[in-house]
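Notes to accompany the following structure.
Each value in this text was obtained by applying a stated rule to the coordinates, not by laboratory testing. Predicted, not measured: the structure shown is a model, and the values here were computed from it. Note: ideal-geometry Cβ built from the backbone for every residue, glycine included; neighbour counts use all protein chains shown.
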Amino acid sequence: MKSNLLPLAKEGISYFLYSLAFFILFLLFDFDFLAFLTFFLTLFIVYSFRNPERELSVFEARSFLSPVDGIVESIEELEDDEYAYKINILSSCSDVSVLRVPANASVSQLLKYNGARTSKNSKLFTTLNENAEISFVTLEENKFKIMHTLERSFAPLFIELETKQKLLQTTRYGLMLNGKTSIYLPQNFRVNITIDSELKASESLMGYFS
């Protein structure tokens, strides 16, 4: 994922090819209505898996950028020894689904669970849905954690990371078509966003580590 510079994310290539093949097949057999449906399905897949380049602004060394496109749902203060803040971001099917590293950091732990894809309004959303929990540590030993929980989606949650992997800020590391991202941050983090802020991965500044 991190080296993919194509306009379509590689996770979507197989979906695109299958849809395109059915479209051509239906055209050959004069199934006009089915060809019409698969044509729009192909366009939807291209839109869902789009992989745009982003204009990367120059921020300070301790800056923290948004890892996803979406809307800030909540900012919570935690009574925890390790993390002081929890920021929830909701991403929809209309958002760019590519996930990007928010800061120069290495992966300290990676946990991924397969599961259901229920609505975020379901009581089972936090316990049964497919999710990934990734813990990072920066060069300055600042720890943060990102949890992606998949909502209703025709594609699974893609994460391309390994434990102890060192990553540069803005590097692509996965894809989530629709879901919720929870970011856990330490006490020395200075939040630079508000509830209902609209964020773009790699472009929106969420704050700084002090």
For residue 108, residues with placed amide H under 5 Å, excluding near neighbours: 135, 136, 137, 164
Tail fraction, Cα-Cα pairs, the chain, threshold 28 Å, whole percent: 30 percent
Whichever aspartates and glutamates have a C-alpha closer than 18 Å to that of residue 123, once near sequence neighbours (fewer than 8 apart) are set aside: 73, 151
Helical mean residue ellipticity (222 nm; -39500 (n - 2.57) per DSSP H run of 4+; nearest 500) of the chain: -5500 deg cm²/dmol
Part-to-part distance (alpha-carbon centres) for the stretch 62-104 and the stretch 183-207, which is given in Å: 6 Å
Among 85, 137, 187 - extreme Cα towards positive end, dipole of the stretch 63-209, charges at beta-carbon: 137
Karplus-derived 3J(HN,Hα), 6.51/-1.76/1.60, for each residue of the stretch 154-171, Hz, glycine and proline x: 8, 10, x, 7, 9, 10, 10, 9, 9, 4, 6, 6, 8, 10, 8, 3, 6, 4
Paired Rg and Dmax values of the stretch 92-166, which use every Cα atom, in angstrom: 13.6, 39
Size of the stretch 66-133 as Cα extents on the principal axes (Å, biggest first): 30, 28, 24
Protection proxy ranking of 61-68, 42-49 - average other beta-carbon atoms within 10 Å, highest first: 61-68, 42-49
Those residues of the stretch 123-152 whose amide nitrogen sits under 16 Å from the label point placed on residue 168, 7 Å along Cα→Cβ: 139
